[in-house]
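Just so it is clear, none of the values below were taken in a lab; they were calculated from the coordinates. Worth saying up front: this structure is predicted, and the values here are computed from it rather than measured. Here Cβ is always computed from backbone atoms with ideal geometry, including for glycine, and neighbour counts include all displayed protein chains.
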Amino acid sequence: MDVLTQNWALYGRGLLGTVELTVYASLLALALGVLMAGFRVAPVGSLRALGTVWVTVLRNTPLTLLFFAVLLGLPRFGLVLPFQLFAVLALGCYTSAFICEAVRSGINTVPVGQGEAARSLGMSFPHTLGAVVLPQAFRAVIPPVGSTLIALAKNSAIAGSFSVVELLGTYKTLGELGYGVVWTFVWIAVGYLLVTLALSAVFALLERRWGVPR
């Protein structure tokens with residue numbers, strides 16, 4: 001217990017960094033994922049192609065490589081931002097590809113007649129998607145989206161290797177202070193467990209409230 005009780009502040013900063021990174025990256029991933037899902041089912045060919053390329057490239061790119069591309073590549077083009085913001089961009093964009101496919105699968109569960117009825121009333125595609133299709137698809141995608149965001153929380157550990165303050169990165173400081181590796185990582189694992197359990201509880205509540213009965 002000494003490694004925890006004597007380093008509350010260090011673990012606390014790391015846990016807070018992980019929570020902030022997870023929240024901001026999740027918001028970005030949800031926004032981009034829903035947008036790209038809309039592109040993938042759009043009647044405009046160029047938008048469908050953009051959505052397909054986005055998903056194909058990001059889903060098949062290792063996340064560590066994407067971190068290198070964002071943190072080392074963007075500054076070469078004059079875009080210099082805090083490391084945490086770079087990490088949010090890398091995590092959010094990477095996860096958005098998986099959110100996109102989850103949302104698209106939910107859109108495919110909505111009967112085609114719903115969209116046709118909306119169009120017969122003169123509604124545009126964006127209006128049909130936002131007012132008719134997505135609200136129904138939302139109920140079906142709660143479990144897969146929840147699983148994806150839980151994976152995002154665990155993937156945030158990679159950011160610690162890129163000078164971002166987060167939970168896994170605390171092991172470097174604790175190792176330099178001479179604490180044992182095993183208990184250092186045990187308490188880091190407990191921190192990640194708390195984050196993932198909190199996310200699981202949120203999505204379990206959403207599923208009970210709005211999910212499709214099974």
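Some points to look at:
- Across the options V110, V181, L16, the greatest Cα extent toward the positive end of the charge dipole of the chain (unit charges at beta carbon of Lys, Arg, Asp, Glu) belongs to V110.
- Assigned charges on the beta-carbon of Lys, Arg, Asp, Glu; segment 54-161 dipole about Cα centre (debye): 100
- Projecting the Cα positions of G130, F77, S96 onto the charge dipole of the chain (unit charges on Cβ atoms of Lys, Arg, Asp and Glu, taken about the Cα centre) puts G130 furthest along the positive direction.
- Net charge dipole, the chain: roughly 540 debye, given to the nearest 20, about the Cα centre with Cβ charges of +1 for Lys and Arg and -1 for Asp and Glu.
- For the chain: relative contact order, % (alpha-carbon pairs under 8 angstrom, 6 or more apart): 29
- Pairwise centroid distance, computed over Cα atoms, of segment 77-93 with segment 126-205, Å: 18
- Our coupling estimate for segment 144-159, obtained by passing each phi through the Karplus curve with A = 6.51, B = -1.76, C = 1.60 and θ = phi - 60°, is x, 5, x, 4, 5, 6, 5, 4, 4, 4, 6, 5, 4, 4, 4, 4 Hz, Gly and Pro reported as x.
- Pairwise inverse Cα distances across segment 5-104, averaged and inverted, put the Kirkwood hydrodynamic radius at 14.7 Å.
- Positive-end extreme of charge dipole, the chain - chosen from I150, F162, L32 (charges on Cβ): L32
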